[in-house]
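The values are calculated or read from the model by the stated rules, or taken from the named source; none is laboratory data. This structure is a prediction, so every number in the text was calculated from the model and none was measured. Methodologically, a virtual Cβ is constructed for each residue, glycine included, from the backbone with ideal geometry; neighbour enumeration extends over all protein chains shown. The area values use the complete protein model at the heavy-atom level, side chains included, leaving out ligands, DNA and RNA. Shrake-Rupley method; radii C 1.70, N 1.55, O 1.52, S 1.80 Å.
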Amino acid sequence: PISNAWDADAEKVEITIPEDPKASAAEIIVKDFGEGMTFNELNDFYLNIGYERREVRGERTKSGRLVMGRKGIGKLAGFGIAENIILRSVKDGHVIQFNLNYPELKSKTELQDFEFEPDVDEKTDEDNGVTVILKNLSLERKINIDNFRKSLARRFEIGRAHV
């Protein structure tokens, strides 16, 4: 989600990490304040596994950043630590929200023509951006915040990550 925020020209990303990832209500939240996506953009770009952003939209974002996303599969990484991924996108006064459930998706015999139906599709006064919530975590130990900060700083070449 953080690379996607970079590619959406987000100037700010908020990351919430639980104290105890084994707690029943524990969740990881990544909220960006980028451009957000419409229903069609979510389906065509974000939910399209293997989407080659560079081929369609170029090597740079609208503000000139070099695109970080690679093969369109990073969005699946959340399923490595969570059973549910809630994807909430706000763009131009409209919110779309999907709940992606790994066991449900895994049970599908054919995903090629599968279309995601939003759980929320309505007007809003929220700011543009995308929020990704990882729920039903499968982490066995706490996330080391200092190591996480250093990793983000290296990845995004910044002096200090505000996490």
Within region 134-152, is there a residue that is under 22 Å from ASN40 (Cα atoms) and modelled with pLDDT of 80 or more?
no
Per the filter on region 7-45, residues surrounded by fewer than 20 Cβ atoms within 10 Å (Cβ to Cβ), under 14 Å from the mean Cα position of the chain (by Cα) and assigned to a helix (DSSP H, G or I) are GLU41, ASN43, PHE45
Here the qualifying pairs (Cβ atoms under 6 Å; residues six or more apart or on different chains; first in region 129-141 and in contact (Cβ under 8 Å) with a residue 60 or more places away in the chain; second of a type in the set (Phe, Trp, Tyr)) come out as GLY129/PHE33
Picked from region 97-132 (must be outside any strand (DSSP E or B), modelled with pLDDT of 90 or more and not acidic (Asp, Glu)), the residue most open to solvent (accessible area, probe 1.4 Å) is ASN128
Condition set among the hydrophobic types (A, V, I, L, M, F, W, C) and at pLDDT 70 or above, scope region 47-67, selection most open to solvent (accessible area, probe 1.4 Å): answer is LEU66
